[in-house]
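Here is the structure we will look at.
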Amino acid sequence: MFKMKMRNIFRIRREEALPSLVAMVVFIALNALLAYKYFGLFTRAKNVGFWSLFFKNFHVSGYDAYSYIELSNAASYYETTRHPLLYSLLYPFYLFNDFLMAQYGVNFAMFLMMALLVMCAFYTFVFLFRTFREVVELSSTDSLILCVLFFSFAHIMLTVLVPDHFGLSLFLLSMTLYLTGCYLKQQKVFRWWQTALLFTLTAGVTLTNGLKTLLAAWFVNGRRVFSLRFALPVVAVPLILLFAVERYQYREIVVPQNEKSRQIGEDKAKTDAAFRAETARHNVWVEQHNGKGLDSEVLLLQWMDLSTSRIETVVENLFGESLQLHQDHLLEDVQISRPIFVSYRHPFRYAVEALVVLLFAAGLWCGRREKLLLLCLSWFAVDMIMHIGFGFAINEVYIMAANWLFIVPLSVAYLLKRLPVHYAYGLRVLLVCLAVYLWIYNGGLLVGYMIR
């Protein structure tokens, strides 16, 4: 058994040093593309309306630039009920940026967020590498190939650089997955404070990810997670804390901010005919491209989508756009100009998609008795029930890829482990070719979009 060292999970080990260094250089280069595209606009700090600056100018596949706005003026635009702790986690970056803007007259929000995203991506790479190497017990070469493949997926590549919350979610989920794998391997259990901390952070960034942490605790600790002694400090106390933080932010920040924005909008609509026409056009587009939910006063039911085709969603978006960018309507926002479904220009793209799905399915079969893969499958089920079943954000499901797509290389890891040596060599070559193709294809489209 490969010896696992968990004394300091953030310490980089000798075997990881070179690959992780190269990975960091790549992540910095990806962020440099975004800096190149938006440097002139997003570094402005004086006489600027930050909402207009970032919201109107940042358009990358539907991802939000709300973090840039918060780091610039402490405003909160993320839905606090779904991301109750995100504002608080980013607030220290606002304080630092506010100091820098006062000193130098330059807005460093973009660069501070880039630094956070690069570090999150770096440790995501490290934790996934360790999961393949230590938990699944693959060779270092195979572990590296799977990591390179994972980051070649289109909306994982984008997660590394877009200023949304998904990079932070991916980091926390990959860390949780690695720790869970280690405890399962060593037949140890999570301590209550470890689970409470992970639950608070994962649920605080994205509420449904907290459920994934609880599933991990169940897989590791078994029935004891249902005892009051465990559930009270691990679930009840963090939920009360998150609820209190969310309510405070909503009352003290969101409500006054929304009222001010509403008043500004109403005043502008009275005097600006072009603004009224643009608002009307946008509202029509959104209504046409958002699915039909239930007519209910309950916000959760309003988020449902009962009309969008599930089959087309799976083919073109879930396993399509998430893995390979579409050349038509490249990185456009479905709320502005992108149709819900865009087809690939060449059948080869669908062949690649089918290959990845087949590898995924074969890996699930080979690892069907492995607890870590079953846990990851339960996480995948949570997302699929929410997005494909319930229909939440189904019209742009690809931007959620960071919450689940790591199950693909994990399942392939078990496929590699189970295959005879001569077949495993062929699969290894296939994975390298697939990763190279995706890096060239997705990377080429991304570079072209950012430098144009």
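The values are calculated or read from the model by the stated rules, or taken from the named source; none is laboratory data. Bear in mind the structure is a predicted one, so any value in this text is a computation, not a measurement. When we count neighbours, we look across all protein chains shown, and the Cβ atoms used for this are built from the backbone with ideal geometry, even at glycine. For the accessible areas, the whole protein counts, side chains as well, though only heavy atoms, and no ligand, DNA or RNA atoms are used. Shrake-Rupley method; radii C 1.70, N 1.55, O 1.52, S 1.80 Å.
I need the Kirkwood Rh of the stretch 16-117: take the reciprocal of the average 1/r across all distinct C-alpha pairs and report it in angstrom.
14.6 Å
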Carbon + sulfur, % of accessible area of the chain - ligands and nucleic acids excluded, 1.4 Å: 65 percent
FRET efficiency estimate (nearest 0.05) - Cβ-Cβ, residue 262 to residue 227, R0 60 angstrom: 0.80
Karplus-derived 3J(HN,Hα), 6.51/-1.76/1.60, for each residue of the stretch 95-104, Hz, glycine and proline x: 4, 5, 5, 4, 5, 5, 4, 5, 7, 10
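If the chain between residue 368 and residue 306 were fully stretched, how many nm would it gain, using 0.36 nm times the residue separation less the Cα-Cα distance?
19.1 nm
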The chain, relative contact order in percent, only Cα pairs under 8 angstrom and at least six apart counted: 21 percent
Integer Hz, Karplus 6.51/-1.76/1.60 couplings in order for the stretch 215-221, x for Gly and Pro: 5, 4, 4, 5, 4, 8, 8
Debye intensity ratio in log₁₀ form over the Cα atoms of the stretch 231-277, taken at each q of 0.27 Å⁻¹: -0.87
Between helix 255-271 and the chain: long-axis angle, C-alpha atoms, 0 to 90°, nearest 10: 50 degrees
Gain on full stretching of the segment that runs from residue 327 to residue 419 - 0.36 nm per residue minus C-alpha separation: 29.6 nm
Theoretical ellipticity at 222 nm over the chain - DSSP helices of four or more residues, -39500 (n - 2.57) apiece, nearest 500: -21000 deg cm²/dmol
Over 19 Å (Cα to Cα) - which of 56/270; 46/270; 212/371; 212/417 fall in this group: 56/270; 46/270; 212/417
Cα-Cα separations in the stretch 60-176 greater than 21 Å, expressed as whole percent: 44 percent
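Using the heavy atoms of the protein chains alone and a 1.4 angstrom probe, what is the accessible area of the chain per residue in square angstrom?
46 Å²
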Backbone HN-Hα couplings from phi across the stretch 9-18 [Karplus 6.51/-1.76/1.60, Hz, Gly and Pro as x]: 6, 8, 7, 7, 8, 4, 5, 8, 4, 5
Per-pair calculated FRET efficiency, R0 = 60 Å: residue 106 and residue 354 via Cβ, rounded to 0.05: 0.80
Cubic angstrom per residue, convex hull over Cα atoms of the stretch 306-384: 109 Å³
Rg and Dmax [Cα atoms of the stretch 297-452; Å; Rg one decimal, Dmax integer]: 17.1, 60
Part-to-part distance (alpha-carbon centres) for the stretch 70-134 and the stretch 230-268, which is given in Å: 19 Å
